[in-house]
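Report on the following structure.
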Amino acid sequence: MNVAVLAIQGAFVEHENMLRRLGVTCVELRGASDLRKPFDALVLPGGESTVQGKLLRELGMSDDIKQRIADGMPVLATCAGLILLADRVVNDPRTYLRTLPIVVRRNAYGRQLGSFRTLGDVHGIDAHGKGAFPMEFIRAPYVEEVGDDVEVLAKIDTHVVAVRYHNQVATAFHPELTGDTRVHELFLDMIEK
Ligand code: GLN
């Protein structure tokens, strides 16, 4: 199984390390020519959504990636990646791929609480009874509204921080930074199905 990781900015190496631990071959997407390589699924890492979104367009990768997701390619998006997929951002006029019918708030936890770690339940990953998932938030967004058919996978306090919509899983936190592989395993299960 080949999983492409968008490798233009942000925390992509951490995703690659986790995927390799799970026996997956990673393909780095750094430019449009990389889209010709074979891959079965896609990871959009955390980082800075405005920078990633601008580079996706400038490198001529946006339309191809958007089409693949719309055609059903499994995608795991974290933090800035979730913003790239969102239909709308309440506090920023910019939008990017817009394949996921959610409304998000960028940097939603404010400056004081910019980064924090907590434990939370993620629906569907606790088959082995290992309990709550360690969630690392870094200047994270959260989801303010979900559209039809969007499944809420996790909430912290009242805020939605992980969702699934058909072939798309998106988290506001960074599952690649904790050593707990269960969110990535959920994603790999989706690819196999
Ligand atoms: N604050 C970043 C943004 O708006 C996201 C942060 C992250 O990916 N850790 O794009």
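In whole angstrom, note down how far apart the Cα centers of the range 1-40 and the range 168-182 are.
Here the two parts' Cα centres lie 15 Å apart.
So, in Å, what gap is there between the alpha-carbon centers of the range 136-154 and the range 96-125?
5 Å
Go ahead and estimate [θ] at 222 nm for the chain from helices alone: -39,500 (n - 2.57) per DSSP H run with n ≥ 4, summed, over the residue count, rounded to 500.
Numbers: 5 runs with 46 residues, N = 193.
Helices in the chain give a 222 nm mean residue ellipticity of -7000 deg cm²/dmol.
So which lysines can K66 reach, going by Cα to Cα under 29 Å and dropping same-chain residues fewer than 8 places off?
Cross-link targets: K37, K54, K155, K193.
Laboratory data are not the source of any read-out in this text; all were calculated from the coordinates shown. Computed from a predicted model, the values in this text were never measured in an experiment.
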